[in-house]
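Written out below as structure tokens is the structure these notes cover.
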Amino acid sequence: MITVEQIMNALKSILDPELKKDIVSMGMIRDLVIEGNNVKFTLELTTPACPYNSEIEQEVRNKMQQLGVNLDMKITARVMEGRSIDISEILSGVKNVIAVASGKGGVGKSTVAVNLAVGLSKSGAKVGLLDADIYGPSIPLMLGLTPGLIADENGKIIPQEIYGIKVMSMGLAPQQSDNVGIWRGPIISGIIKQFLTDVNWGELDYLIVDLPPGTGDAPLTLAQTIPITGVVVVTTPQTAAMNIALKAALMFKKLGIPIIGVIENMSYFECPHCNNITNIFGIADEQKIVEKFGAPLVGRIPLNAKIVEDSDEGKPVALADTDYAKVFERVARNVAGRVSVIAVEMQQHLIQ
Ligand SMILES: Nc1ncnc2c1ncn2[C@@H]1O[C@H](COP(=O)(O)OP(=O)(O)O)[C@@H](O)[C@H]1O
Ligand SMILES: [Mg+2]
């Protein structure tokens, strides 16, 4: 007869490659039932978008096979909370807030934010997308959304929903002011606070926030209003762009916000005819990026006309089943994996 101890001991030898902890102490094994030689349990992963999910699953199957039992395994995922305790209870149903920032404008920050949201949503996570770029809201266009918002019975704004993603943007407000360009700091702060407090976001695993470029009022307001899990920094490979991105990253670090990772966009060009790869803007050394930013490179995204076309048509490239979609799916998985690591560290810190 196989015992609970034997099962747990076998499973204890399996480490989550990223969290560096065994799956039993992580509480990933649930509802264990043993009936003779039949073993039944649920494997609860830390995010549906974890890059190592299939690896862990396979290892569990191998271990159970070695023990010679019949395994009936259910696989679920419960995203961990990566936010410190929030006294104000703003966004209490949101487990992780991921800010997407850049130094310069035009590096593809909004493109990354949208496709990251799509990638995470495709994996089964509950995702929201907040366009905090008040001056130049581009998210609605990229998702094919038109202005129009309604309120719920408590007077809170209901975000628009598309591709399973809850979206809020200044560009969805019915009457857009023509002089949006002259709005100043305090007004921008006010609007961002409203986006967080007066919008009914409901339950979310990840709220992605597309910040305006640079180190202005928006990131400060965001950081002062809600606990952020971390920030994804988007840059292009040129040294100048990278240096400005680094400035933005340093500002977040000063605010005590972890850097989830760096995304190098417009990284290279693959010729559609001969598949030759050209590094149009040069090659940034990965090791240098890691050293400078103190965070991993979570993705290199190629320069591709399809990304522009799809975006202009309101259909993000990550939706399709193409190589480009796969690039973004990988980025989403890497980000989700890093967010799990940060969440675990944060929870350990809270417990200590
Ligand atoms: N990898 C890419 N390949 C080709 N075009 C891209 C890529 N990433 C972004 N773009 C295009 O570059 C422009 C700027 O991107 P956007 O996401 O709006 O930048 P940001 O939000 O940083 O200002 C858009 O037209 C977008 O479609
Ligand atoms: Mg943008």
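The values are calculated or read from the model by the stated rules, or taken from the named source; none is laboratory data. None of these values were measured; they are calculated from a predicted model. Note: ideal-geometry Cβ built from the backbone for every residue, glycine included; neighbour counts use all protein chains shown.
The table below gives the values:
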| item | result |
| --- | --- |
| Lone qualifier among GLU55, GLU59 - being surrounded by 14 or more Cβ atoms within 10 Å (Cβ to Cβ) and assigned to a helix (DSSP H, G or I) | GLU59 |
| Filter result for GLY105 (out of contact with any helix residue (DSSP H, G or I) (no Cβ under 9 Å at 6 or more places or on another chain) and within 16 Å of ligand 2 (Cβ to nearest atom)) | yes |
| Among (1) modelled with pLDDT under 90; (2) in contact with an Asp or Glu (Cβ under 9 Å, 6 or more places away or on another chain), the one test that ASN200 misses | (1) |
| Residue within region 151-158 that is within 13 Å of ligand 2 (Cβ to nearest atom) and among the hydrophobic types (A, V, I, L, M, F, W, C) present | no |
| Condition broken by ASP205, with the remaining ones in (1) more than 16 Å from ligand 2 (Cβ to nearest atom); (2) of a type outside the set (A, V, I, L, M); (3) part of a helix (DSSP H, G or I) satisfied | (3) |
| Residue list for region 88-111, filter: part of a strand (DSSP E or B) and of a type outside the set (Lys, Arg) | VAL94, ASN96, VAL97, ILE98, ALA99, VAL100, ALA101, SER102 |
| GLY93 closer than 18 Å to GLY171 by Cα, out of contact with any helix residue (DSSP H, G or I) (no Cβ under 7 Å at 6 or more places or on another chain) and among the small types (Gly, Ala, Ser) | no |
| Scan of region 13-44 for residues that are surrounded by 13 or more Cβ atoms within 10 Å (Cβ to Cβ) and in a strand (DSSP E or B), ordered by number | LEU15, ASP22, ILE29, LEU32, ILE34, VAL39, LYS40, PHE41, THR42, LEU43, GLU44 |
| Number of the exception - ARG330 against (1) within 13 Å of ligand 1 (Cβ to nearest atom); (2) of a type outside the set (S, T, N, Q); (3) surrounded by fewer than 18 Cβ atoms within 10 Å (Cβ to Cβ); (4) touching a residue at least 60 places away in the same chain (Cβ under 8 Å) | (1) |
| Per-region count, region 106-130, residues near ligand 1 (Cβ under 10 Å from one of its atoms) and crowded, with 18+ Cβ neighbours inside 10 Å | 9 |
| Any chance MET242 is outside any loop (DSSP other than H, G, I, E, B) and not assigned by TED's automatic domain parsing to the domain that holds ALA49 | yes |
| Filter result for the condition that a residue is more than 16 Å from ligand 2 (Cβ to nearest atom), part of a helix (DSSP H, G or I) and closer than 18 Å to CYS50 by Cβ, over LYS306, LYS326 | LYS326 |
| Hits in region 112-137 (condition: assigned to a helix (DSSP H, G or I) and in contact with a helix residue (DSSP H, G or I) (Cβ under 6 Å, 6 or more places away or on another chain)) | VAL114, ASN115, LEU116, VAL118, GLY119, LEU120 |
| Looking only at region 142-173, and only at residues there that are within 18 Å of the chain's Cα centre (by Cα) and in a loop (DSSP other than H, G, I, E, B), the one that is farthest from GLY128 (Cα to Cα) | LEU143 |
| Check on GLY128, assigned by TED's automatic domain parsing to the domain that holds PRO258, in contact with a Gly (Cβ under 7 Å, 6 or more places away or on another chain) and either among the small types (Gly, Ala, Ser) or within 17 Å of VAL298 (Cβ to Cβ) (or both) | no |
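Every residue, every condition in (1) under 19 Å from VAL112 (Cα atoms); (2) assigned to a loop (DSSP other than H, G, I, E, B); (3) assigned by TED's automatic domain parsing to the domain that holds LEU220, yes or no:
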site: MET251; (1), (2), (3): no, no, yes
site: ILE257; (1), (2), (3): no, yes, yes
site: CYS274; (1), (2), (3): no, yes, yes
site: ILE283; (1), (2), (3): no, yes, yes
site: LYS288; (1), (2), (3): no, no, yes
site: ALA295; (1), (2), (3): yes, yes, yes
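Residue-by-condition table, conditions (1) among the small types (Gly, Ala, Ser); (2) touching a residue at least 12 places away in the same chain (Cβ under 8 Å); (3) farther than 30 Å from ASN279 by Cβ:
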{"site": "VAL199", "(1), (2), (3)": "no, yes, yes"}
{"site": "LEU211", "(1), (2), (3)": "no, yes, no"}
{"site": "GLY216", "(1), (2), (3)": "yes, yes, yes"}
{"site": "ALA223", "(1), (2), (3)": "yes, yes, yes"}
{"site": "ILE228", "(1), (2), (3)": "no, yes, yes"}
{"site": "VAL231", "(1), (2), (3)": "no, yes, no"}
{"site": "VAL234", "(1), (2), (3)": "no, yes, no"}
{"site": "PRO237", "(1), (2), (3)": "no, yes, no"}
